[in-house]
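Encoded as structure tokens, the structure appears first; notes follow it.
No lab work stands behind these numbers, since they all come straight from the coordinates. Quantities reported herein were computed from a predicted structural model and do not represent experimental measurements. Reconstructed Cβ throughout: ideal geometry from the backbone, glycine too, with neighbour counts over all protein chains shown.
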Number of protein chains: 2
Amino acid sequence: MYVTSTEAYFDNPQPISAPSRTLRLPESRVTEDAFVFRQGDPVRHVYQVLSGAVRLTRVFEDGGQQLVAFGFPGDLVGFPCSGQHHTDCQALTATRLQPFRVSQISADTGDRELRCRYLEAALREIAAMQDHLLLMGRRSAVEKVAAFLLMLDERTGVKVGQLSHVDLPMSRKDIGDYLGLTTETVSRTLSQLRRLGVIALDGIYSVIVVRPDELRSLASHAEE
Amino acid sequence: MYVTSTEAYFDNPQPISAPSRTLRLPESRVTEDAFVFRQGDPVRHVYQVLSGAVRLTRVFEDGGQQLVAFGFPGDLVGFPCSGQHHTDCQALTATRLQPFRVSQISADTGDRELRCRYLEAALREIAAMQDHLLLMGRRSAVEKVAAFLLMLDERTGVKVGQLSHVDLPMSRKDIGDYLGLTTETVSRTLSQLRRLGVIALDGIYSVIVVRPDELRSLASHAEE
DNA sequence: CGCTACCTTGATTCCTCTCAATAAAGGTGG
DNA sequence: CCACCTTTATTGAGAGGAATCAAGGTAGCG
């Protein structure tokens, strides 16, 4: 089952125009925990996430890792630098990806519109990483987790009646690595938010946002 | 006095080829503390830093700010997203900048080579921001500051005999905002490194790296 | 020369990490 | 389908590190 071309044309934020004459590669399907690419691999393709989710991590010598970004449907992942991938990309769940050849994008012979969208996607990525930096700056655990939940809600939240359901396809450790916190602190903070009645947990991997305004104010670093 | 074309053609990391037929805009000169652009401004130009240094900050409601990046000679700053600047850009010292019209870069009619270099610069920026994220992740103040000094040394350090001199064109607060620390902690950490004999301070705004290996090991989050 | 802005240093508090134990979830094989 | 095992999440107690609050010190500037 293939996706429509609109879906697979990386600029998820705004609605986009018709597809082009570009040769479409067959979509990739990866299972949970499978690597899409590894840090240091030569970049042959970039991928647009069609469904599922991936995590992009930078690993360093001492065994630690920084989770640089999550890739959700619509996101383009695998931006090259000097021809190499500089992160690992691992599937959080079963994930479908639309590959694009970088040779086709970069080359002047390539599709002009594709190239343009690629640039826009890269610029969006820069802005997104700046947002991520804001999260990591001098902010408390509550602010970080609250802001993280809000981001997830915006990206993948599903309204059920008044309430918004947010799926957490990643582990507590992943969340911690993304926010610069430990697993324990993430867990504690979620419990705290639950006790405050701001969210409810429906199983381990599903959050219900009970009071979005409250959550927003907790994320905002200002008052309480 | 105009710079050579090699200097003004944003890809500072690797040596680059000949200039193109692109119309060169006159360079901009800004004085200390002057804004090059502000968050929310429509993007007409991107700028390559020729000399001096700038700071890119994202400000938020509550008055706080996150220093997203520093711009040193060779760096391209002002990447647009949805046609807007999403940071402030302020000169740390008197700074010269080479402006490029985005209309000329983005448009298909624009210079092909320029467009290509622009994309590469954006991809490098993504990688650089990932490095910045690593700094902000769960690391101690010493690790952050040591890594910061090493980065500055690589970018702008000047060898004087065996030793490397590093200029700090920014305030302690700027360093703190960049690393997710307070001014006090930055100051204390620099003093600590000085006491350890790893660095020496030559005035407030100049650091001498006395033991680079030691500094590297302090930055590395691993042993001792 | 005094003012202002910035940096340094000190004392204390608070938050997050660390270490450790328990609990829940997921997976496997009988 | 259940018992067992492994992995992951939660919760607690305690220690450590950075933030905060507060006071001097230094440098630059009018």
| B:E184 versus A:A107: modelled label distance in nm, points set 7 Å from Cα along the beta carbon direction | 6.0 nm
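Using only the alpha carbon atoms of segment B:28-135, find the Kirkwood hydrodynamic radius as the inverse mean reciprocal pair distance, in angstroms to one decimal. Present the calculation step by step, with values, prior to reporting the outcome.
Values: mean 1/r = 0.0701 Å⁻¹.
Evaluated over segment B:28-135, this radius sits at 14.3 Å.
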| query | In peptide A:175-184, what is the residue-averaged number of other protein chain Cβ atoms found within 10 Å of each Cβ? | reply | 2
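When you count, for each residue, the other Cβ atoms within 10 Å and take the mean per peptide, how do A:110-116, B:85-91 rank with the highest first?
Numbers: A:110-116: 16.6, B:85-91: 22.3.
Put in order of decreasing packing, that is B:85-91, A:110-116.
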| said: Below 17 Å, Cα to Cα, which lysines can A:K173 reach? Residues fewer than 8 away in the same chain don't count. | reply: A:K144
| task | Name the lysines eligible as straight-distance cross-link partners of A:K159: C-alpha to C-alpha under 19 Å, and not fewer than 8 places from it in the same chain. | result | none
| task | Give the nm distances, rounded to one decimal, from B:E214 to the matching residue in every other copy, measuring between label points 7 Å along Cα toward the beta carbon; shortest first. | result | 5.3
| Burial ordering of A:S217, A:S103, fewest other beta-carbon atoms within 10 Å first | A:S103, A:S217
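Which order do B:I105, B:I204 fall in if you start with the one that has the fewest other Cβ atoms within 10 Å? Walk me through the numbers on the way to the answer.
Working: B:I105 20, B:I204 11.
Exposure proxy ranking, most exposed first: B:I204, B:I105.
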| Hypothetical label at B:Q192: residues of segment B:117-150 whose amide nitrogen lies under 18 Å (7 Å Cα-Cβ projection) | B:135-150
| Translational D (Stokes-Einstein, µm²/s) of segment B:139-219 at 10 °C and 1.306 mPa s when Rh comes from the Kirkwood sum over C-alpha pairs? | 129 µm²/s
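Name the shape class, rounded, prolate or oblate, that the alpha-carbon gyration tensor gives for the protein assembly as shown, where a ≥ b ≥ c are the square roots of its eigenvalues, rounded holds for a/c under 1.5, and otherwise prolate holds if a/b is larger than b/c and oblate otherwise. It would help to have the intermediate numbers written out before the result.
Working: a/c = 1.65, a/b = 1.12, b/c = 1.48.
Cα axes put the protein assembly as shown in the oblate bin.
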| Distance from the Cα centre of segment B:63-133 to that of segment A:169-224, in angstrom? | 34 Å
| field | R0 of 22 Å, Cβ-Cβ distance A:R138-B:T31: FRET efficiency to nearest 0.05 | value | 0.15
| field | Amide H within-cut-off set for A:A69, under 5 Å, with H built and near neighbours excluded | value | A:L56
| query | For A:A107, which inter-copy label distances result when the label point lies 7 Å beyond Cα on the Cα-to-Cβ vector, reported in nm to one decimal and in ascending order? | reply | 2.8
| message | Test of understanding: ordering A:E154, B:E143, B:E214 by Cβ neighbours within 10 Å, fewest first, what list do you get? | response | A:E154, B:E214, B:E143
| In peptide A:135-141, what is the residue-averaged number of other protein chain Cβ atoms found within 10 Å of each Cβ? | 5
| message | Assume the label is 7 Å from Cα along Cα to beta carbon: what separations in nm does B:G197 have to the matching positions in the other copies? | response | 6.2
